Amino acid sequence: MTSTATRDFAQARKAYDEIARQTPKEAYAYVDLGRACEKAEDAKCAVENYLRATQLDPNYATAYLRVAVLYTRQQEYQSAASALDKAESIYTDTGLAEGRAEVLYRRGYMMRAVGNNAEARSQLQQSLNLARANGYETQQINALLQLSAVASNENDAKGAQAYAREAVGLAQSNGMENLVALSLVDLGVTFYLRGDYAEAEKYYKQGLEFAERNKAQRVRAKALVNLGSLRISQGETDEGVRYVEQALAFYQPGGYRKESSQALAMLGRANRQKGNYAEALKAFEQQLELAERVSDPAQTSLAHTEIGNVLIQQEKYAEALQHFDESYRLEKSLGGAMSIGYSMVIRADALWRLGRYEEARGMLAQAAAIAGKTDGGSRDLLASVSLTDAHMALSERRFADAKAKGQQVLALVGEQNKQTASQAKQVIALAQAFTGAATAGGQICREALDLAKRVGDPWLFSNAQLAYAETLLEGGDAQGALTNALEAQESFARAGQRESEWRAWLVAAGSAARAGKGEAARHYASRAASCLEELQRAWGGEVFNTYQARPDVQLRRRRLGELSAGARPA
């Protein structure tokens with residue numbers, strides 16, 4: 001007990017192991033040993049000892065409850081549910097309200113983990129009511145934090161924050177610093193989901209400080225992984241990776257499968273942002289295999305989303321859409337409004353790229369309605385809707401709409417998310433350049449280029465550089481446009497991004513023609529045509545036909561024909 005109090009869990013485990021050796025027929029000895037193993041993050045040892053306790057005493061509710069906790073952590077949900085049912089039956093027969101409240105909380109936690117928000121809310125509310133009636137402060141705080149997470153899943157930002165703030169206050173008033181730390185981190189999550197990154201960071205760091213001061217390693221890992229996710233979302237990839245790797249060093253040895261999977265997904269996302277597509281795709285495919293093996297629909301959906309995001313950057317739009325379709329189907333079955341909204345946006349992003357504008361518009365309208373239902377709206381989801389809408393408007397050559405949507409994005413997120421801000425500025429710059437304000441557009445595009453460079457994402461930077469080349473060409477700087485277009489082309493070629501590469505060759509051809517370099521212009525135009533033919537072979541006729549029906553593609557193909565014939569473009 002002294003070793004446990006001083007957090008010397010290795011020594012505590014040795015002591016409890018000796019007790020169990022001397023009292024081999026006492027179930028409590030194996031539960032104590034299981035708890036020591038659990039605190040030492042040896043899940044296998046803990047499960048073995050809890051099961052041994054249930055064999056010695058089939059009515060030992062605590063043993064069933066603790067093994068259920070570990071089964072949930074390892075995503076063995078069927079075994080967890082069975083153990084919880086047994087524990088609840090025993091606690092009900094013995095009239096132990098505290099035990100019943102804990103079972104209800106654990107079942108609610110598990111239901112949220114598998115995406116059943118309605119059942120999770122029901123179980124957690126029952127746990128909270130029972131804990132309040134009997135004055136169980138710890139269980140009240142735990143139930144409030146899980147209710148906050150459920151409310152976030154259901155797009156109830158105001159409710160999520162109210163639950164989390166109540167948990168923080170209750171933990172502080174009772175001097176429970178570990179739970180203060182956990183409550184602060186969960187409060188940060190509610191702000192992150194609304195796109196308020198500054199507030200999220202503040203609470204994550206406060207939670208991390210409390211956790212480190214109290215040596216609460218699990219809460220520390222949760223704070224670190226959330227800080228890492230925030231930094232990766234903001235484009236501060238290297239810093240984000242450092243946070244996530246620290247958390248993963250705790251999660252993997254401790255058998256935290258779901259948390260490990262989520263952390264690995266973040267590292268995969270970082271690889272995608274660095275242009276390491278093969279590594280990212282491999283990580284996400286492994287995540288998908290694991291999620292399907294344990295029948296975890298939420299993690300399966302996340303894996304499909306991340307695979308689709310990699311395929312979008314590889315410009316395999318039809319393949320990406322298949323993964324986004326599956327993610328959307330799973331999110332609808334889970335019923336989390338916010339997750340459904342994001343799945344609609346990514347589907348819309350793939351659809352407009354394939355020229356399927358009306359379907360994309362329908363998805364965006366529904367996602368916008370979801371984002372607007374929260375108190376004050378979800379800024380991040382609204383920004384995602386507006387950004388996708390801006391790209392689509394630019395593709396359709398609705399330049400006023402593209403500019404307005406891009407400005408909406410900046411008004412929502414500013415530059416706290418550098419990736420989103422860079423893309424929004426690219427759209428605004430091109431919309432201005434194509435409507436006669438090339439100088440202003442060029443200035444904005446330089447800002448987009450600078451943001452992209454700071455993020456370190458080659459896909460983002462190359463697209464910004466190509467957009468800058470187009471603004472320079474519209475403004476009459478043929479040599480500057482040619483230099484930037486060729487540099488972007490080289491990057492696209494290395495990454496196998498043929499859809500962007502043919503457009504870069506086309507801008508290079510137009511720039512050379514404007515500079516009076518006719519032979520070079522025809523050469524670049526020939527390279528653009530070759531890339532376009534490769535794209536058609538790779539995508540297939542049906543997909544390519546919808547793509548080439550896009551207004552911007554039609555205009556570019558006409559220009560390509562003129563340049564190939566040696567005509568100077570208008």
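The values are calculated or read from the model by the stated rules, or taken from the named source; none is laboratory data. No experiment lies behind these values; they were computed from the predicted model shown. Positions of Cβ are generated from backbone atoms using ideal geometry, with glycine treated the same way; all protein chains shown enter the neighbour counts.
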State whether the residues of the stretch 185-206 include one that is of a type outside the set (A, V, I, L, M), crowded, with 16+ Cβ neighbours inside 10 Å and closer than 25 Å to Ala40 by Cβ. no
So for the stretch 142-160 (the condition being free of Cβ contacts under 8 Å to residues at least 24 places away in the same chain and either touching a Lys or Arg at 6+ places or on another chain (Cβ under 7 Å) or of a type outside the set (Gly, Ala, Ser) (or both)), does at least one residue qualify? no
Residue match in the stretch 131-144 (condition: surrounded by fewer than 20 Cβ atoms within 10 Å (Cβ to Cβ) and more than 30 Å from Lys158 (Cα to Cα)): no
Might you check whether a residue that is touching a Lys or Arg at 6+ places or on another chain (Cβ under 7 Å), β-branched (Val, Ile, Thr), crowded, with 22+ Cβ neighbours inside 10 Å and assigned to a helix (DSSP H, G or I) occurs anywhere in the stretch 220-236? yes
Ala350: assigned by TED's automatic domain parsing to the domain that holds Glu306, under 19 Å from the mean Cα position of the chain (by Cα), assigned to a helix (DSSP H, G or I) and buried (at least 20 other Cβ atoms within 10 Å of the Cβ), yes or no? yes
Where a residue in the stretch 99-117 is over 14 Å from Leu65 (Cβ atoms) and its partner, wherever it lies, is among the β-branched types (Val, Ile, Thr) and in a helix (DSSP H, G or I), with Cβ under 6 Å and at least six apart: Arg112/Val150; Asn117/Val150
Pair list, Cβ under 7 Å, 6 or more apart: the stretch 120-137 residue assigned to a helix (DSSP H, G or I), other residue surrounded by fewer than 19 Cβ atoms within 10 Å (Cβ to Cβ): Leu130/Ala97; Asn134/Ala97; Asn134/Glu98; Glu137/Leu170; Glu137/Asn174
Only residues that are modelled with pLDDT under 90 and part of a helix (DSSP H, G or I): list them for the stretch 242-262, please. Tyr251, Arg257, Lys258, Glu259, Ser260, Ser261, Gln262
Residue ID - farthest from Thr94 (Cα to Cα), chosen from residues in the stretch 5-63 that are of a type in the set (Val, Ile, Thr) and surrounded by 15 or more Cβ atoms within 10 Å (Cβ to Cβ): Ile19
Qualifying residues in the stretch 539-570 (those that are surrounded by fewer than 12 Cβ atoms within 10 Å (Cβ to Cβ) and not in a helix (DSSP H, G or I)) - the one modelled with the lowest pLDDT: Ala570
State which residue is nearest to Gln416 (Cα to Cα) when the search covers only the stretch 208-236 and only residues that are more than 17 Å from the chain's Cα centre (by Cα) and not charged (D, E, K, R). Leu208
If we scan the stretch 77-92, do we find a residue that is at pLDDT below 95 and assigned to a loop (DSSP other than H, G, I, E, B)? no
Set Glu285, Glu279, Glu239, Glu289: member being in a helix (DSSP H, G or I) and closer than 27 Å to Gln416 by Cβ: Glu239
Pair list, Cβ < 7 Å and 6+ apart or interchain, from the stretch 246-269 residues that are touching a residue at least 60 places away in the same chain (Cβ under 8 Å) and closer than 13 Å to Glu306 by Cα to residues that are among the basic types (Lys, Arg) and assigned to a loop (DSSP other than H, G, I, E, B): none
Cβ pairs under 7 Å, 6+ apart or interchain, first in the stretch 545-566 and more than 17 Å from Cys531 (Cβ to Cβ), second of a type in the set (Asp, Glu) and at pLDDT 95 or above, ordered by first then second residue, are Pro551/Glu396
Do we find a residue being in a helix (DSSP H, G or I), surrounded by fewer than 23 Cβ atoms within 10 Å (Cβ to Cβ) and either in contact (Cβ under 8 Å) with a residue 12 or more places away in the chain or not aliphatic (A, V, I, L, M) (or both) anywhere in the stretch 501-510? no
Hey, can you tell me all the residues within the stretch 452-497 that are part of a helix (DSSP H, G or I), surrounded by fewer than 19 Cβ atoms within 10 Å (Cβ to Cβ) and under 32 Å from the mean Cα position of the chain (by Cα)? Lys453, Arg454, Glu487, Glu490, Ala493, Arg494, Ala495
Kindly evaluate Ser491 against the criterion of being farther than 24 Å from Ala448 by Cβ and of a type in the set (Gly, Ala, Ser). no
